[in-house]
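Take a look at the structure set out below.
The values are calculated or read from the model by the stated rules, or taken from the named source; none is laboratory data. This one's a predicted model, so the numbers in the text were calculated from it and none came from an experiment. When we count neighbours, we look across all protein chains shown, and the Cβ atoms used for this are built from the backbone with ideal geometry, even at glycine. Keep in mind that these areas ignore ligands, DNA and RNA; they rest on the heavy atoms of the full protein, side chains included. Shrake-Rupley method; radii C 1.70, N 1.55, O 1.52, S 1.80 Å.
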Amino acid sequence: MRIADLHCDVLSKLDRDSTLELTAPAGSGLDVTTGGLTQGSVGLQVFAIWVSPSMPRTPESALRQAELFHSKVLAAPGMRHVQCAADVEAVLAPDASETGALLALEGADSLRGEWWALRLLRRLGLRMLGLTWNEANWASDGIMEPRGGGLTGDGRKLVVECEALGILLDVSHLSERGFWEVAELAGRPFIASHSNAYAICPHPRNLSDGQIRALIAANGLVGLTFVPFFLHASRTAAIDDILRHAEHLCALGGAHHIAFGSDFDGIETYTRGLRTPADYGALVEALLKRFPEPLVRGWLSGHAKRFLTDNLG
Ligand SMILES: [Zn+2]
């Protein structure tokens, strides 16, 4: 079964340490490697640009990671740049030999309202954008910003610009008020690329039942994530915990809106048995024990394929 993974943070690691390579053997410093993606049957991996708060949040920082996406990810053997529906179909076909790579931006902080930088990133392949990381920026408050504000005027403009440019909106990390404003403003389906259910694990990064219902109503997607903090209140997690979140989404009517967004290379603690993309087989096995195969196929890549082919154009 081909897998689609809606979030990883390889690019910021490549930016911090120029000795890292996607083609290096497992255990060389990256969770996501070309070998691991192949071993785990990952047909499509979303690579997010994430500029840490300790780095200058400028267009240059984001562009440097976009360059690494081209020079270190797309240049690796067997990788295919995913920019349109035909690319998605090709890399998720059962007999596909290439691994698809889609460029995203996690938090618009570094754009600083410079619209040329957004348009340039779009030309470099950017097809998905989250307005914020955890804190507030020029576009909106993030989920950990205590005042809990929503979108600024420029943030509303960013939503409109992204839709005009064919950049999909990602609401993971966004403040709750920002989420509802995006839900109201968005003319197209949107996604939470790496978030779980608050009802199962009450962490602010997770989605309330109301938010999950809104994503379903918008024909969007929830990428369940393997971050232990967002899976279980004890902050340690096993594969079974991912299944509990999936079950909850099903109970809310979201069985056909579930996907996965691992957050590999963005985490320092791991779900037991899920250390790299090579371990996807263990998740597949656990899912098939509990859920019907057509549904599992949907979660692993069918729903992501539908969402991306419908909305990338
Ligand atoms: Zn994140």
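Only protein atoms count toward the accessible area here, which uses a 1.4 Å probe; on segment 3-312, the carbon and sulfur part of that area reaches 52 percent.
The convex hull drawn around the Cα atoms of the chain, when projected onto a plane and averaged over every direction, covers 13.8 nm². Taking every protein chain into account, the accessible area of the chain amounts to 37 square angstrom per residue (probe 1.4 Å).
The lysines within cross-link reach of LYS72, meaning a Cα-to-Cα straight distance under 24 Å and a gap of 8 or more places when in the same chain, are LYS13. When the trypsin sites (Lys or Arg not before Pro) in segment 123-158 are filtered for DSSP coil states and for at most 12 other beta-carbon atoms within 10 Å of their beta-carbon, the remaining sites are ARG147. The trypsin sites (Lys or Arg not before Pro) of segment 168-238 that meet both conditions, a loop assignment by DSSP and at most 16 other Cβ atoms within 10 Å of the site Cβ, are ARG235. Our helix-only sum for the chain, with -39,500 (n - 2.57) per DSSP H run of n ≥ 4 divided by its residues, gives a mean residue ellipticity at 222 nm of -10500 deg cm²/dmol.
Each principal axis of the Cα atoms in segment 1-96 has its own extent, and those three values, largest first, are 42, 31, 20 angstrom.
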